[in-house]
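J.: Mind looking over this structure? Questions follow.
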Amino acid sequence: MDRKEFGNLILENERQLYRIAKSILRSDEDCADAAQEAVMKAFEKLHTLRDDRYAKTWLIRILINECFRMADKQKRERMLADKVKSCEKQAHKEQTPGNVREEEYSELYQALAQLPREFRIILELYYLEEFSVKEISELMGIPEGTVKSRLGRGREKLKQRLCQKEGK
């Protein structure tokens with residue numbers, strides 16, 4: 001794959017890359033940073049791509065890894081900040097970082113965003129991005145059976161969250 005083809009791949013999949021990043025990171029700024037970093041890493045490693053047919057899958061995998069790296073870093077930073085706050089005996093409780101701002105998302109998206117990452121990303125890849133179980137398996141580096149079980153458990157957890165909101 002040459003530079004021009006790579007550029008076209010990025011342009012053709014820009015929205016999908018953003019949506020995948022959004023399912024993991026939630027913050028618009030973090031999504032943009034992760035996508036930019038993933039594109040840079042992919043460009044630097046373009047020579048390692050063995051088959052151009054898998055370029056999109058390869059790029060998405062790089063993006064997912066970058067999002068997970070950023071999310072883990074943010075989690076560690078939050079844990080450190082929480083320790084510092086508790087040592088200082090903070091006077092006011094602040095809203096937990098990473099909470100979803102309700103005005104930005106529909107009820108369904110809010111419920112989806114509250115799911116554990118392992119379920120959320122698989123549900124979004126399957127339903128929103130329309131990847132097959134096999135494609136998700138390849139992207140995530142997990143067996144197809146694991147994808148299927150996480151889809152089932154994720155659907156159940158999503159249903160529970162939505163029913164709780166409705167008071168049922």
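The values are calculated or read from the model by the stated rules, or taken from the named source; none is laboratory data. Every value quoted in this text rests on a predicted model; they were computed, and no experiment measured them. Cβ coordinates were reconstructed from backbone atoms using ideal geometry, including for glycine residues, and neighbour counts include every protein chain displayed. Calculation scope for accessible area: heavy atoms of the full protein, side chains included, ligands and nucleic acids excluded. Shrake-Rupley method; radii C 1.70, N 1.55, O 1.52, S 1.80 Å.
J.: Here are some residues: GLY154, GLY145. Which one is in a helix (DSSP H, G or I), closer than 23 Å to LEU17 by Cα and either at pLDDT 90 or above or touching a Ser or Thr at 6+ places or on another chain (Cβ under 8 Å) (or both)? If you could, list the steps in order and put the result at the bottom.
T.: Values: GLY145 fails: closer than 23 Å to LEU17 by Cα.
Residue meeting the stated conditions: GLY154.
J.: Let me ask you something else. May I ask you to verify whether LYS56 is closer than 21 Å to ILE122 by Cβ and open to solvent by 60 Å² or more (accessible area, probe 1.4 Å)?
T.: Numbers: closer than 21 Å to ILE122 by Cβ: yes; open to solvent by 60 Å² or more (accessible area, probe 1.4 Å): yes.
Yes: the conditions hold for LYS56.
J.: Sticking with this one: Restricted to the range 94-132, and to residues that are within 17 Å of LYS56 (Cβ to Cβ) and assigned to a helix (DSSP H, G or I), which residue is modelled with the lowest pLDDT?
T.: Residues of the range 94-132 that are within 17 Å of LYS56 (Cβ to Cβ), as a first pass: 121, 124-126, 128-132.
Add one more test, that the residue is assigned to a helix (DSSP H, G or I), and what stays is 121, 124-126, 128.
Values: ILE121: 88, GLU124: 86, LEU125: 87, TYR126: 87, LEU128: 82.
Out of the qualifying residues, it is LEU128.
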